[in-house]
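Novice: Let me give you the structure first, and then I'll get to my questions.
The values are calculated or read from the model by the stated rules, or taken from the named source; none is laboratory data. For clarity, every value in this text was computed on a predicted model and none was experimentally measured. Neighbour counts are summed over all protein chains in view; Cβ atoms, including those assigned to glycine, are modelled from backbone coordinates with ideal geometry. Just so you know, the surface numbers come from the protein's heavy atoms only, side chains and all, with ligands and any DNA or RNA stripped out. Shrake-Rupley method; radii C 1.70, N 1.55, O 1.52, S 1.80 Å.
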Amino acid sequence: MSGFLFQAFVYLAAAVIAVPIAKRLGLGSVLGYLIAGIVIGPVVGLVGSETQDIQHFAEFGVVMMLFLVGLELEPRQLWGMRNKLLGLGGLQVTGTALAVMGVCMLLGLSWSVALAVGLVLSLSSTAIVLQTLGEKGLMKSDGGQASFSVLLFQDIAVIPMLALVPLLALPELLDALHHGTDGSGHATELSLVEGLVGWQVAGVTVLAIAAVIIGGHFLTRPLFRFIASAELREVFIATALLLVIGIALLMTLVGLSPALGTFLAGVVLANSEYRHELESDIEPFKGLLLGLFFITVGAGINFGILFGDFGTIIGMTLGLMLLKAAVFWCLALAFKLRGSDKWLFTLGLAQAGEFGFVLLSFTVQNGVIPADLSQSLLLVVALSMLLTPLLFIIFDKVILPRLTEDQVREVDEIDTKGAAIIAGTGRFGQIVNRMLRGNGYETIVLDLSAETVDNMAKFGIKTFFGDASRPDLLHAAGIREANLLVVAIDDHERTTEIVKHARMERPDIHIVARARDRIHVYELYNAGANDIIRETFDSAVRAGRSALEAFGIHPYEAEKISTAFQKNDRQILYNLARIYDPDIPVTENAAYIAGVREAGEKERETLTRSRGRNKGAVDRAWLPPGRILDLEE
Amino acid sequence: MKVLVIYAHPAQQHSRVNKALAAVAKDVSDVSFVDLYAIYPRLDLNVDVEQQRLLDHDAIIFQFPLMWYSTPPIIKEWQDLVLEYGFAYGHHGEKLKGKLWLSAVTAGTPESGYGPEGHNRFDLRELLAPLEATANLCKMPYVPPYTLFAALKSENAANLEKHIAGYRLLLEALRDDTFDLDKACAQQLITGDTIKGLIKGKTT
Ligand SMILES: Cc1cc2nc3c(=O)[nH]c(=O)nc-3n(C[C@H](O)[C@H](O)[C@H](O)COP(=O)(O)O)c2cc1C
């Protein structure tokens, strides 16, 4: 127990210290984790061989990441990417594999070993690249999309590779293996397809995929609604985890990539109203697991081997990255990526990836690659991952500044498309949503009540389930990119919280907030809302106007009275908001009380139908010439 | 003829003359009356309704106080929105052709203040030329404005009485087709003094 606690403490402490520093220095979180790993592993020696096991566990972060990526991608978008996916991805994997194979053969390796090495090294690091792209907000750029296509294809390509690798086995290695391991192979894993013939395997596989798609489409909604109605956050999180882990398990059982399976599930759920909730629930787990994974990569670097053969290994690493970059460069040209996108694509993917680790150990187990070569290759893979953040820094600091001028226009255009986030779709938010949508603005609507979300869907209004007062959910809804936030929920404390948080996150966003009463207006003013709308004020003024009309006051005069009233009241409110002090109750705030009294005077005076001296805003309008004198005489 | 009175006064709590005139217009039977500021206090004119109203009548009377040598703002709004291309003028836009356009105006300044020698430098008919031009484009015969000068002078009480009574005569004559259009159009302005002479079968 204490051992476990100690390990957890070491890993977490390393991350907590290294990552913020790395981010502060502009190195990105990935490099922070990697450095943390190097420090606690090879440098200080706090952790040892168990990193291998932890790494297998942490790889699950990649699975979660692909689930999240899938959530962001509606089926239609995925279909639209099919050319890029197959074209770019397919060409990249074959191109890189062949190029690496060629170089290896030149260096004197046999063709089968060279091919295996080529396959292993053709893969890039989904974990590092997607994490970094997300962090930099580059996922939606052309370069980011191209990178994503390639990574997705690679994740799919791992499956046939796993099938292919055993065929490349070297007889002499196999013999050695069988002697060494007493024949107790690795096939202790559970499997649904073991012992089935070809067509049965295919059938089971198709069934599993169909289960994910159909189940995801039809079963999740009632399930989530049921869970949400329990109103226990942790149960919802448990459900989300259960979903991801369940799918990963199913995929493993039929011999498919779990990452691919969860990605598919994510895509199926991309249209779901629970999407943002799922996103924010899984996100922290993904983040921690990936962090752990990066740490284990850092910790696993064997400096003994590295320094024993420093020149060769560094040379191999740089050569590999150069070769990969060259392939990406050609593809970028062929697929007409321009400007910064071309560079992002070329530099971002020029490393080997975590699937490389998996494939390497698999090749050794199957007697395809000799163990000592695999040791060196493991180092190459890890080092190339370690160097990737540096490439991103080069991209940021060297390449972008040179290109920005050409790209300013494009960025502008994206800006204007930003959506409005509407928190709360009750009687209040609905109206706002209708008015924005009716005028062609994109809105993202969030609501806390599963029932409302369902009802809205019946009227064709897309709403996402979730509590907007949770920062992570606001994030998932895109507070970083939105142009406008409308807080329309009827819980006034939460409203203030949301405004505060959004203002902290985005000093520049425009916030329209629904206020319950005057005091709430002051709170929202202090929290940084731009437009503060009292929920019943306008309707009350209208009721007052109707009452005046009922007394026979001309409608246009009643209109002038209510407008003057409204303006005056808003001015008073603004003045009082600045006097208001949240720490002193209004009844004890002398300045506030004086302000209220003065406002009352002013209201009587400026307002309406002041009989004596025609000072009232209403009487003053269209007063005939000489009339004031008339009265005074 | 079917007569429509379109009334616009933005501050009726201050009004004396137009209030009395409006009461007359409401009182004359079979004359339609609308108070623009009452039905559109937020200036949100319903164009379709207003166009239909025009189609349903033959004589359109705009009753308003002169303000800065012009109409109250809502009448301008009304013109801009209701007199659409294709409806009031332009291609296929002859829907108002032949309907009478008549302004019933009250002015604060006495008559002597108008005309080349008056301190207002122009005469009233001239100042209302934009309305006349509008009527012309809509192919609506333009009747000289029925005018009350010195509407703010309390010593003008006798004149005021005459003007109010004359308004009733004018509306009834239009309604009963006893209004002598040719004779009226030969005049510069119509006033409470001249109205009687413009009614067929009545002697001055
Ligand atoms: C804003 C304003 C502008 C006016 N401009 C003029 C004007 O240009 N010429 C004029 O003779 N009277 C002018 N007057 C006086 C009005 O015409 C006069 O008050 C009105 O005809 C009286 O009718 P009522 O009792 O129905 O309000 C103006 C009055 C106001 C309030």
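Novice: What pairs can you find where one residue is in the stretch B:61-80 and among the polar types (S, T, N, Q), the other is assigned to a strand (DSSP E or B) and near the ligand (Cβ under 9 Å from one of its atoms), and their Cβ atoms are less than 7 Å apart, with a gap of 6+ or different chains?
Specialist: From residues that are among the polar types (S, T, N, Q), the pairs are B:T71/B:F64.
Novice: Against the condition surrounded by 18 or more Cβ atoms within 10 Å (Cβ to Cβ) and within 14 Å of another protein chain (Cβ to nearest Cβ), how does B:Y37 come out, does it pass?
Specialist: When the stated conditions are applied, B:Y37 passes them.
Novice: Exactly one of (1) away from the ligand (no atom under 16 Å from the Cβ); (2) touching a helix residue (DSSP H, G or I) at 6+ places or on another chain (Cβ under 9 Å); (3) closer than 21 Å to B:Y142 by Cα is unmet by B:Q52. Its number?
Specialist: Going through the list (1) away from the ligand (no atom under 16 Å from the Cβ); (2) touching a helix residue (DSSP H, G or I) at 6+ places or on another chain (Cβ under 9 Å); (3) closer than 21 Å to B:Y142 by Cα, B:Q52 breaks only (2).
Novice: Among the residues of the stretch B:161-171, are any assigned to a helix (DSSP H, G or I), open to solvent by less than 60 Å² (accessible area, probe 1.4 Å) and among the aromatic types (F, W, Y)?
Specialist: Yes, the stretch B:161-171 contains at least one residue that is assigned to a helix (DSSP H, G or I), open to solvent by less than 60 Å² (accessible area, probe 1.4 Å) and among the aromatic types (F, W, Y).
Novice: What number of residues in the stretch B:27-41 are in a helix (DSSP H, G or I) and either touching a Lys or Arg at 6+ places or on another chain (Cβ under 6 Å) or within 16 Å of the ligand (Cβ to nearest atom) (or both)?
Specialist: Residues in the stretch B:27-41 being in a helix (DSSP H, G or I) and either touching a Lys or Arg at 6+ places or on another chain (Cβ under 6 Å) or within 16 Å of the ligand (Cβ to nearest atom) (or both): 3 in total.
Novice: Going by what's in this entry, would A:I479 be described as open to solvent by less than 60 Å² (accessible area, probe 1.4 Å) and under 17 Å from A:I532 (Cα atoms)? Give the steps one after another, and end with the answer.
Specialist: Values: open to solvent by less than 60 Å² (accessible area, probe 1.4 Å): yes; under 17 Å from A:I532 (Cα atoms): no.
For A:I479, the condition - open to solvent by less than 60 Å² (accessible area, probe 1.4 Å) and under 17 Å from A:I532 (Cα atoms) - is not met.
Novice: Continuing with this model, one more query. Being near the ligand (Cβ under 9 Å from one of its atoms) and open to solvent by 60 Å² or more (accessible area, probe 1.4 Å) is the filter here, so list the residues in the stretch B:1-26 that pass it.
Specialist: B:R16, B:K19
Novice: Looking at B:P65, is it within 14 Å of the ligand (Cβ to nearest atom), surrounded by fewer than 18 Cβ atoms within 10 Å (Cβ to Cβ) and within 14 Å of chain A (Cβ to nearest Cβ)?
Specialist: no
Novice: Are there any pairs, at least 6 apart or on different chains, whose C-beta atoms fall under 8 Å, with the first in the stretch A:554-577 and within 8 Å of chain B (Cβ to nearest Cβ) and the second open to solvent by 30 Å² or more (accessible area, probe 1.4 Å) and at pLDDT below 85, and if so, which?
Specialist: Between residues of the stretch A:554-577 that are within 8 Å of chain B (Cβ to nearest Cβ) and residues that are open to solvent by 30 Å² or more (accessible area, probe 1.4 Å) and at pLDDT below 85, there is no close pair.
Novice: Ok, one more. Need a quick list: helices (runs of 4 or more DSSP H) entirely within the stretch A:382-467 having at least 3 residues that are modelled with pLDDT under 75. Lay out the reasoning, then the answer.
Specialist: Working: elements: A:400-416, A:427-438, A:450-458.
Per the criteria, A:400-416.
Novice: Can you give me the ranges of the helices (runs of 4 or more DSSP H) entirely in the stretch A:227-342 with at least 1 residues that are crowded, with 22+ Cβ neighbours inside 10 Å?
Specialist: Helices (runs of 4 or more DSSP H) meeting the threshold: A:233-253, A:258-269, A:275-299, A:310-334.
Novice: Could you please let me know if B:A150 is at negative phi and among the aliphatic types (A, V, I, L, M)?
Specialist: The answer is no for B:A150.
Novice: For the structure I just gave you, tell me whether B:R175 is within 16 Å of the ligand (Cβ to nearest atom) and under 30 Å from B:V47 (Cβ atoms).
Specialist: no
Novice: Considering B:D80, B:D44, which residue is within 14 Å of another protein chain (Cβ to nearest Cβ), surrounded by fewer than 14 Cβ atoms within 10 Å (Cβ to Cβ) and either away from the ligand (no atom under 16 Å from the Cβ) or part of a strand (DSSP E or B) (or both)?
Specialist: B:D44
Novice: Checking the condition open to solvent by 10 Å² or more (accessible area, probe 1.4 Å), within 11 Å of the ligand (Cβ to nearest atom) and at pLDDT below 95, which residue from B:P73, B:P110 passes?
Specialist: B:P110
Novice: So A:A350 fits all but one of (1) part of a helix (DSSP H, G or I); (2) among the aliphatic types (A, V, I, L, M); (3) farther than 24 Å from A:L170 by Cβ; what number is the exception?
Specialist: (1)
Novice: For the stretch B:59-77, state whether one or more residues are more than 17 Å from the chain's Cα centre (by Cα) and in a helix (DSSP H, G or I).
Specialist: Here is the first cut: in the stretch B:59-77, the residues more than 17 Å from the chain's Cα centre (by Cα) are none.
The answer is no; no qualifying residue exists.
Novice: Take the residues of the stretch A:47-58 that are surrounded by 14 or more Cβ atoms within 10 Å (Cβ to Cβ) and modelled with pLDDT of 80 or more: which is nearest to A:A248 (Cα to Cα)?
Specialist: A:A58
Novice: Name the pairs whose Cβ atoms lie under 8 Å apart, with the first residue in the stretch B:83-112 and within 14 Å of another protein chain (Cβ to nearest Cβ) and farther than 22 Å from B:L169 by Cα, the second assigned to a strand (DSSP E or B) and within 16 Å of the ligand (Cβ to nearest atom), and 6 or more positions between them or separate chains?
Specialist: B:G108/B:P65
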